[in-house]
Amino acid sequence: MDYPRGSIHDITIQSKELGEDVELLIYLPASFSPLYKYTVVIAQDGKDYFQLGRVGRIADELLDGKGIENIIIVGVPYKNVKDRWKKYHPDGEKHNAYIRFLAHELVPYLDNEFPTYQMGMGRALMGDSLAATVSLMAALQYPNTFGRLILQSPYVDNSVTAAVEEFTQPHLLNIYHVIGKGETSVKTTGGEEKDFLTPNRDLSNLFKQKQFPYFYDEFEGDHTWTYWQPDLKRALKFMF
């Protein structure tokens with residue numbers, strides 16, 4: 001089936017928090033109009049979500065069939081693997097600055113440029129692996145800014161678990177969380193292999209225990225776009 005195609009715009013903004021220019025890929029629906037309001041979806045690993053996840057095409061299909069509310073998708077690409085680790089990993093030296101960039105620079109820019117819902121539930125963060133990790137950590141720090149989360153196979157360590165345990169307002173975050181049953185030996189950026197499945201199951205139990213509004217599923221597959229890509233349609237339908 002052919003659907004009306006949205007447009008993807010390449011924009012660069014300056015970040016004082018990061019001390020660098022940040023490239024943005026902004027998807028606007030085919031029916032975009034400044035007369036309507038839009039929910040904003042911010043995807044870490046932004047280029048991967050558009051190229052490997054084909055998230056723009058999925059949004060075209062769902063919007064055409066009125067399967068989701070009006071959304072704008074903002075992809076924030078990483079420069080290289082080292083840059084990604086520095087910004088997304090909880091131990092990365094730019095991790096906190098990147099989260100401040102999202103909350104204090106990117107959100108005001110988007111609210112100024114587009115007709116957005118200027119509240120937590122009007123904004124979602126999305127990511128895979130470490131991109132999911134930084135999305136979760138940002139929402140835990142700024143739950144009134146980011147109210148919805150799509151987490152595909154997040155990397156989970158003690159600092160992530162501690163941040164969830166210490167969080168006192170679970171009703172503010174609506175979470176979609178998936179992990180692959182085959183993610184028991186995932187090769188990480190550092191070259192070592194880690195079990196992602198067990199920590200994600202523990203994280204899921206913690207989310208349930210703290211009574212977050214929450215969806216969890218385990219897919220038959222491993223830590224690759226082969227499985228995240230087909231999951232995206234359900235993720236967007238569930239969340240929007």
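The values are calculated or read from the model by the stated rules, or taken from the named source; none is laboratory data. Note that the coordinates shown come from a computational prediction; the quantities given were computed from them, not determined experimentally. All Cβ positions, even for glycine, are placed from backbone atoms using ideal geometry, and neighbour counts span all protein chains on display. Each accessible area value is taken on the protein alone, full model and side chains, heavy atoms only, with ligands, DNA and RNA left out. Shrake-Rupley method; radii C 1.70, N 1.55, O 1.52, S 1.80 Å.
Restricting to Cα pairs below 8 Å that are 6+ residues apart, what does the relative contact order work out to for segment 116-179? Please round to a whole percent.
Relative contact order for segment 116-179 comes out at 35 percent.
Relative to the compact-globule scaling 2.2 N^0.38 Å, provide the ratio for the alpha-carbon radius of gyration of segment 141-223.
The value comes to 1.11.
Taking the Cα centre of segment 97-158 as origin, sum charge times position over the Cβ atoms of Lys and Arg (+1) and Asp and Glu (-1), and report the length of that vector in debye to the nearest 20.
120
Taking the convex hull of the alpha carbon atoms in segment 54-150, what volume per residue do you get, in Å³?
104
Of the DSSP beta bridges with both residues in the chain, give the percent that are antiparallel, rounding to the nearest 5.
Given both bridge residues lie in the chain, the antiparallel proportion sits at roughly 35 percent.
Starting from the amide H of residue 174, placed 1.01 Å from N in the peptide plane, find each other amide H under 5 Å away whose residue is 5 or more places distant or on another chain.
148, 149
Normalised by the number of residues in the chain, what is the relative contact order in percent for Cα pairs under 8 Å and 6+ residues apart?
Normalised by residue count, the contact order of the chain is 17 percent.
With θ taken as phi - 60° and the coefficients 6.51, -1.76 and 1.60, list the Karplus ³J(HN,Hα) couplings across segment 11-23 in order, rounded to whole Hz; mark glycine and proline as x.
10, 10, 10, 8, 10, 6, 4, 8, x, 7, 7, 10, 7
Taking amide H positions as placed in the peptide plane 1.01 Å from N, state which residues far from residue 186 in sequence (5 or more) or on other chains have amide H under 5 Å from it.
194, 195, 196
Residue 31: accessible area at probe 1.4 Å, nearest 10 Å²?
Rounded to the nearest 10, that gives 70 Å².
Which whole-Hz ³J(HN,Hα) couplings does segment 220-229 yield from phi under the Karplus relation 6.51 cos²θ - 1.76 cosθ + 1.60, θ = phi - 60°, glycine and proline marked x?
Per-residue couplings from phi come out as 7, x, 10, 8, 9, 5, 3, 9, 5, 4 Hz.
Please compute the net charge surrounding residue 181, taking Lys and Arg as +1 and Asp and Glu as -1 over other residues with Cβ under 9 Å from its Cβ.
-4
Using the Karplus curve 6.51 cos²θ - 1.76 cosθ + 1.60 with θ = phi - 60°, what ³J(HN,Hα) values do you get for each residue of segment 148-165, in whole Hz, with x for Gly and Pro?
Using θ = phi - 60°, the values come out as 10, 9, 10, 10, 9, 6, x, 7, 10, 10, 4, 5, 5, 4, 4, 5, 5, 4 Hz.
When Lys and Arg each count +1 and Asp and Glu each count -1, what net charge do the other residues less than 14 Å away from residue 144, Cβ to Cβ, add up to?
Taking every other residue near residue 144 into account, the sum is +1.
At 222 nm, what helix-only mean residue ellipticity would the chain give, in deg cm²/dmol to the nearest 500, using -39500 (n - 2.57) for each DSSP H run of four or more?
-10500 deg cm²/dmol
Collect residues whose amide H, placed 1.01 Å from N in the peptide plane, falls under 5 Å from the amide H of residue 219; neighbours closer than 5 in sequence don't count.
179, 180, 181
Given a cut-off of 24 Å, name the pairs among 47/86; 16/233; 86/194; 82/194; 16/94; 47/87 whose C-alpha atoms lie farther apart than that in the structure shown.
16/233
Where does the charge balance sit around residue 170 when Lys and Arg score +1, Asp and Glu -1, over other residues with C-beta under 15 Å from its C-beta?
That works out to +1.
If you roll a 1.4 angstrom probe over the protein chains with everything in place, what fraction of the accessible area of the chain belongs to carbon and sulfur, to the nearest %?
Roughly 47 percent of what the probe reaches on the chain is carbon or sulfur.
For segment 1-92, what is the Kirkwood estimate of the hydrodynamic radius, computed as the reciprocal of the mean inverse distance between distinct Cα atoms, to one decimal in Å?
Radius from the Kirkwood sum: 14.3 Å.
Any idea what Rg and Dmax come out to for the chain if you just take the C-alpha atoms, in Å?
Reported Rg and Dmax, both Å: 16.7, 50.
Among 170, 115, 34, whose mean-square fluctuation peaks in a Gaussian network model of the chain (Cα, cutoff 10 Å)?
Comparing 170, 115, 34 in a Gaussian network model of the chain, the most mobile one is 34.
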